[in-house]
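Here's the structure, in structure tokens; my notes come after.
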Ligand SMILES: C[S@@+](CC[C@H](N)C(=O)[O-])C[C@H]1O[C@@H](n2cnc3c(N)ncnc32)[C@H](O)[C@@H]1O
């Protein structure tokens, strides 16, 4: 049972390395400082474009409506926020919050390139201590962000705090693959191809090694669902994508 487990066990590991929780946030910030300018290109190269399909599926599940207020936490370079703006015809208000200023800066440039001049704001902030009022958003989204947060349970509690009663939490994250053949191929790819691709394109093998390791240390789908429930995000469910390589987690603030 999760109740008997310690809270935030991930706060003391950075990839496979043991660290102090304070140090972890700094290390994560360094990773995204380092990869920001190549982040979008690397996503396409690493996933063969599949991350776009996962993000499309995620935003279809979010199903944002005009007039809604949305927190897109760990919003990065805007892939989720811009999809939500497009889907609502610009009628939603999206607050992007990210630990890393560089990622948001790339995001803002991309928004201008796409003609998205309104409806999104960009704030440097931590998922563990959101710069948003209690009960102020209809939807909370976090895509490939929760894995990087130092204290996951604290971030889940923050999500509940900022959601209005009846509001929905949605998280897109890497999951755990069960099928043995797929798992073997995926492990080989993650630990040998990813760091090499990172070295070649982003001149940073370490950050891409961290990516592969952080996926392995992130809780599996049932464990995350239990932790969501423990944080007050009710009716926690998940939908596996690509055999569980990624998963959409959903829950409600009732
Ligand atoms: C893999 S990127 C995902 C970006 C975007 N959501 C996407 O799907 O493309 C992870 C993002 O999480 C941000 N991040 C990491 N820890 C965070 C925290 N504690 N609070 C807010 N953002 C955080 C990073 O700066 C980075 O921009």
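Some observations on this one:
- Reported count of residues in the stretch 58-89, each being over 21 Å from residue 103 (Cα atoms) and either within 9 Å of the ligand (Cβ to nearest atom) or surrounded by fewer than 16 Cβ atoms within 10 Å (Cβ to Cβ) (or both), is 7.
- Residue that is modelled with the highest pLDDT [pool: residues in the stretch 13-25 that are in a helix (DSSP H, G or I), out of contact with any helix residue (DSSP H, G or I) (no Cβ under 6 Å at 6 or more places or on another chain) and away from the ligand (no atom under 11 Å from the Cβ)]: 23
- Hey, residue 104 under 16 Å from the mean Cα position of the chain (by Cα), modelled with pLDDT of 95 or more and over 21 Å from residue 130 (Cα atoms) or not: no
- Residue 38 meets each of the listed conditions (1) at pLDDT 95 or above; (2) over 19 Å from residue 241 (Cβ atoms); (3) out of contact with any strand residue (DSSP E or B) (no Cβ under 9 Å at 6 or more places or on another chain) apart from (1).
- Options 165, 131; residue that is in a strand (DSSP E or B) and out of contact with any helix residue (DSSP H, G or I) (no Cβ under 6 Å at 6 or more places or on another chain): 165
- The residues of the stretch 134-155 that are away from the ligand (no atom under 12 Å from the Cβ) and not in a loop (DSSP other than H, G, I, E, B), listed by number, are 137, 138, 139, 140, 153.
- Residue pairs whose Cβ atoms lie under 8 Å apart, sitting 6 or more positions apart in sequence or on different chains, and linking a residue in the stretch 85-109 that is part of a strand (DSSP E or B) to a partner that is away from the ligand (no atom under 16 Å from the Cβ), are 93/68; 93/69; 93/119; 94/119; 95/69.
- Checked against (1) surrounded by 18 or more Cβ atoms within 10 Å (Cβ to Cβ); (2) over 15 Å from the mean Cα position of the chain (by Cα); (3) over 19 Å from residue 71 (Cβ atoms), residue 160 passes all but condition (3).
- Options 80, 70; residue that is under 27 Å from residue 131 (Cβ atoms) and assigned to a helix (DSSP H, G or I): 80
The values are calculated or read from the model by the stated rules, or taken from the named source; none is laboratory data. Treat the numbers as computed from the prediction; the structure is a model and nothing was measured. Backbone-built Cβ (ideal geometry, glycine too); neighbour counts: all protein chains shown.
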